[in-house]
């Protein structure tokens, strides 16, 4: 039962396929390029209770997460985040409907309906997707299993529920699939709801959440042919995002996935994925918080009500053919996607819209972004000790915006200036990857890698035409404008790693360095000023504009563990990433400080228990361009346990932040609501949740 209650970390190095542990209905995390394991690395005995799949990243070497709200887990990997990381869901490069990342990709499917999360450690292969400059991750939703062997039918399923004290939250989840050896259907659903979370000194508001999710699908297999259809739906209702200027009113919509694979034999394979998404989103500064006040020219103070409705429609494809070549396999493919984005804002004084005084503004109008990409990748065992991976990808990105409009007379000159410019932009990127792996001994593998990776600017970085905070979740309290003259980001990457592994121990460190030409970040706009949250109160604050600069990003990460006996083991890891502008420039924004975690796990008589220690150093290397604040170091202890009362029925419980310390995650944001709405003063860093008692029940078959 140990493997059912653990996260499997797969060894792939030179292996031809990913190895999964038998985790049944609990989520599996797979780290491609990770060292061999003596068994499975224990995540948390009751990991089925996690709200979102992004929470799993805290166990991955080099990875971390930022939360602007309870359902907005944005992946970080080795100093990069947001659009720099390629994330796919069931083969789809899903586009966020919220221009401020209120719905990051890994929030679309809750953890209870997630089958696996794969993270490519280090340099991502070109076959893993487009815009992998900051890494690549892929999530697969639960789909069940086909019947095998003498079984005529396979019936899989799980029911689970849980409660957390820190927010009075609960979740319920169900999943079931039925299959024979050719046909399979599955369905799953979750409901999650919680109140504002507490910490030792008070309550963070608004941080409540309410989400329902659904997955349903069908798959067919026969004589090397596989076909599948899957639909995932996210229905999020009022949910707080205290680090952002507005909260979620709703996020609604679905993702449709189709795939066809053909194993032709003799090493020839065809793999295809197609997808379509259609989503809508509403956010406001008045449904879950008090709107901010504005002082009128006559001295009267009135509340300013604002809301924003956004939509995204899009689709894409990934077609790849594997062909035996020489001592290895050549994979060639054609990847692409298209998306359309709209965002319409309303603003009124004194009362929520709509009123006779409502002013409408098209923040984004007719945004069309298209990507067409071709790649080739060759993986080969050159000798019995030496293997290589060589890859090249070419990507053409076209981005265009329609005319914008506004009923606000102060913004109209900016809209007219934007409409008079050329907004049809083309970018051509070439990615190159070369990795060499050497089995120095039976217990020691060495790896060295070089890459050239590119990323085209996002539509926000190009097309924000008036000062706004629609910045893919930067959450620094500053307003930005776009830049139609932005260049493609180009990173030159180097990595060296080793993996030492025995029957009872593993130790896998990696060191990396990236030099990024034309790195995109904010810098002071020469003429725009506004009074903003993170600015000194003694002077006006410049608006930031997205501009190109050069940057260094570097660091180390490792994972290690030791099995003492069949009942006791210890696992842990540490991460460090730093970043600076080139030529003596300042630090890059939102770089996680040195951090480490250690978990001791024991298992006796059906009970699995763990003690986990997590520590973060102080971060004093902060970005001055946006007034980023330093943070102190902290440590947290978590206790977790579960008991299998009978076959398939698991009781879990635990305590997180045992000593109820008040901690600030450097990747977190600053409190944005008015001070009367929250126990955190406006502009102060948001504290992490306090002591949390939780319990879960799971029955799986």
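The values are calculated or read from the model by the stated rules, or taken from the named source; none is laboratory data. On a predicted model such as this, the values are computed, not experimentally measured, just so you know. Neighbour counts are summed over all protein chains in view; Cβ atoms, including those assigned to glycine, are modelled from backbone coordinates with ideal geometry.
For the stretch 54-68, give me each residue that is under 19 Å from residue 114 (Cα atoms) and not in a loop (DSSP other than H, G, I, E, B).
If the condition is that a residue be under 19 Å from residue 114 (Cα atoms) and not in a loop (DSSP other than H, G, I, E, B), then 54, 55, 56, 57, 58, 59, 63, 64, 65 are the ones that fit.
Out of curiosity, is residue 202 out of contact with any strand residue (DSSP E or B) (no Cβ under 9 Å at 6 or more places or on another chain) and either buried (at least 22 other Cβ atoms within 10 Å of the Cβ) or modelled with pLDDT of 95 or more (or both)?
Values: out of contact with any strand residue (DSSP E or B) (no Cβ under 9 Å at 6 or more places or on another chain): yes; either buried (at least 22 other Cβ atoms within 10 Å of the Cβ) or modelled with pLDDT of 95 or more (or both): yes.
For residue 202, the condition - out of contact with any strand residue (DSSP E or B) (no Cβ under 9 Å at 6 or more places or on another chain) and either buried (at least 22 other Cβ atoms within 10 Å of the Cβ) or modelled with pLDDT of 95 or more (or both) - is met.
Is one or more of the residues making up the stretch 98-105 on the phi > 0 side of the Ramachandran plot, surrounded by 22 or more Cβ atoms within 10 Å (Cβ to Cβ) and in contact (Cβ under 8 Å) with a residue 40 or more places away in the chain?
Checking the stretch 98-105: at least one residue is on the phi > 0 side of the Ramachandran plot, surrounded by 22 or more Cβ atoms within 10 Å (Cβ to Cβ) and in contact (Cβ under 8 Å) with a residue 40 or more places away in the chain.
Of the numbered conditions (1) under 31 Å from the mean Cα position of the chain (by Cα); (2) surrounded by fewer than 19 Cβ atoms within 10 Å (Cβ to Cβ); (3) farther than 25 Å from residue 439 by Cα, residue 378 satisfies every one except a single condition; which is it?
Tallying (1) under 31 Å from the mean Cα position of the chain (by Cα); (2) surrounded by fewer than 19 Cβ atoms within 10 Å (Cβ to Cβ); (3) farther than 25 Å from residue 439 by Cα, residue 378 fails exactly one: (3).
Please determine, by comparing only the residues of the stretch 656-677 that are within 25 Å of the chain's Cα centre (by Cα) and not in a loop (DSSP other than H, G, I, E, B), which one is farthest from residue 244 (Cα to Cα).
If we take residues in the stretch 656-677 being within 25 Å of the chain's Cα centre (by Cα) and not in a loop (DSSP other than H, G, I, E, B), then 656 is farthest from residue 244 (Cα to Cα).
Listed residues 609, 602, 592, 596; which is in contact with a strand residue (DSSP E or B) (Cβ under 6 Å, 6 or more places away or on another chain) and not in a strand (DSSP E or B)?
Only one candidate passes the filter, namely 592.
Scan the stretch 419-435 for residues that are within 17 Å of residue 369 (Cβ to Cβ) and outside any strand (DSSP E or B) and report the count.
Of the residues in that region, 3 qualify.
Quick check: is even one residue across the stretch 237-249 surrounded by fewer than 17 Cβ atoms within 10 Å (Cβ to Cβ) and assigned to a strand (DSSP E or B)?
No, the conditions are met nowhere in the stretch 237-249.
Would you point out which residue out of 112, 54, 92, 44 is at pLDDT 90 or above and surrounded by 23 or more Cβ atoms within 10 Å (Cβ to Cβ)?
Result of the check over 112, 54, 92, 44: 92.
Pick from 663, 642: which is farther than 30 Å from residue 248 by Cα, in contact with a strand residue (DSSP E or B) (Cβ under 7 Å, 6 or more places away or on another chain) and either in contact (Cβ under 8 Å) with a residue 12 or more places away in the chain or crowded, with 16+ Cβ neighbours inside 10 Å (or both)?
Working: 663 fails: farther than 30 Å from residue 248 by Cα.
That would be 642, the only listed residue that is farther than 30 Å from residue 248 by Cα, in contact with a strand residue (DSSP E or B) (Cβ under 7 Å, 6 or more places away or on another chain) and either in contact (Cβ under 8 Å) with a residue 12 or more places away in the chain or crowded, with 16+ Cβ neighbours inside 10 Å (or both).
Which fully enclosed strands (runs of 3 or more DSSP E) of the stretch 69-138 have 3 or more residues being under 12 Å from the mean Cα position of the chain (by Cα) and more than 23 Å from residue 595 (Cβ to Cβ)?
Of the strands (runs of 3 or more DSSP E) lying wholly inside the stretch 69-138, those with at least 3 residues that are under 12 Å from the mean Cα position of the chain (by Cα) and more than 23 Å from residue 595 (Cβ to Cβ) span 86-89.
What is the residue count in the stretch 139-149 for residues that are assigned to a strand (DSSP E or B) and either more than 27 Å from residue 576 (Cα to Cα) or at pLDDT 95 or above (or both)? Break it down into steps so the answer makes sense when it comes.
Filtering the stretch 139-149 down to residues assigned to a strand (DSSP E or B) leaves 139-141.
Imposing the further condition that a residue be either more than 27 Å from residue 576 (Cα to Cα) or at pLDDT 95 or above (or both) reduces the set to 140-141.
Of the residues in the stretch 139-149, 2 are assigned to a strand (DSSP E or B) and either more than 27 Å from residue 576 (Cα to Cα) or at pLDDT 95 or above (or both).
Scan the stretch 205-236 residue by residue and report those that are outside any strand (DSSP E or B) and surrounded by fewer than 16 Cβ atoms within 10 Å (Cβ to Cβ). Please lay out each step first, then the result.
Of the residues in the stretch 205-236, the ones outside any strand (DSSP E or B) are 205-208, 223-224.
Hits for the stretch 205-236 are 223, 224.
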